[in-house]
Amino acid sequence: MTNENDADKFDSMPFIALIHNISKNRLRYSIKNPNQLDMIHEGRYLITINKRSGLSQDDLADTFTQSKGTIAKALRKLEDKGYVERIIDENNRRKYILKTTKEGKELAILLENDLKEWEKNVGIDELDERTKDQLKNIARKSEDILRDSD
């Protein structure tokens, strides 16, 4: 429930803080939602692996701007639970291609539906394509700036 003070809080909040607030509230929602099955962080990886065929561990680390170690640890959990398989790439034996198992596909669909429901409840699904494209553009530029500063 929103009160008058909340509106003032959000009006004075910098844009990046708004994004952070939305993200944190999504995580809090995930914790309360029984369908998440302790998959708060790993769930977003599972959804992405399920959607993007031929994705490698490095691709996943790059997509979520996470360290390779963080991704490896999360993948190990997903693998131990039987949701993901890591397959050695035929073209590069040091590279793993990620694939969801049957159980992983089922869970990814459940998690994605939960995410869509949350997005609907907060109004993200009402954003027009131009706004979504602008947000994606901002995300790309923020990564480019980071890469250019290295």
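A few points about this structure:
- Candidates ASN121, ASN113, ASN92: whichever shows maximal mean-square fluctuation once the chain is modelled as a Gaussian network with Cα springs under 10 Å: ASN92
- Förster radius 25 Å - calculated FRET efficiency between GLU79 and ASN113, Cβ distance, rounded to 0.05: 0.60
- Its residues counted as N, the stretch 57-140 yields a C-alpha radius of gyration over 2.2 N^0.38 Å of 1.35.
- Computed magnitude of the charge dipole of the chain (debye, nearest 20; Cβ of K, R +1, Cβ of D, E -1): 640 debye
- Where labels lie 7 Å past Cα in the beta-carbon direction, separation of GLU126 and LEU18 in nm: 1.4 nm
- Structure-based [θ]222 nm, the chain - -39500 (n - 2.57) summed over DSSP H runs of at least 4, per residue, nearest 500: -21500 deg cm²/dmol
- Toward the positive end of the charge dipole of the chain, with +1 on the Cβ of Lys and Arg and -1 on the Cβ of Asp and Glu, the farthest Cα among ILE124, ALA74, ASN25 is that of ALA74.
- ILE97 long-range amide H proximity, modeled H, under 5 Å: ILE87, ILE88, ASP89
- Spin-label model, ARG140 to ASP8: label points 7 Å out along the Cα-to-beta-carbon direction sit 4.1 nm apart.
- Carbon/sulfur fraction of accessible area - the chain, other protein chains in place, 1.4 Å, %: 50 percent
- For LYS99, the lysines whose Cα falls under 22 Å of its own Cα, not counting residues fewer than eight places away in the same chain, are LYS51, LYS68, LYS73, LYS77, LYS81.
- Convex hull volume per residue, computed on the Cα atoms of the chain, equals 150 Å³.
The values are calculated or read from the model by the stated rules, or taken from the named source; none is laboratory data. Bear in mind the structure is a predicted one, so any value in this text is a computation, not a measurement. With ideal geometry, Cβ positions are generated from the backbone for all residues, glycine too; neighbour counts draw on all protein chains shown. Just the protein is used for accessible areas: all its heavy atoms, side chains included, with ligands, DNA and RNA removed. Shrake-Rupley method; radii C 1.70, N 1.55, O 1.52, S 1.80 Å.
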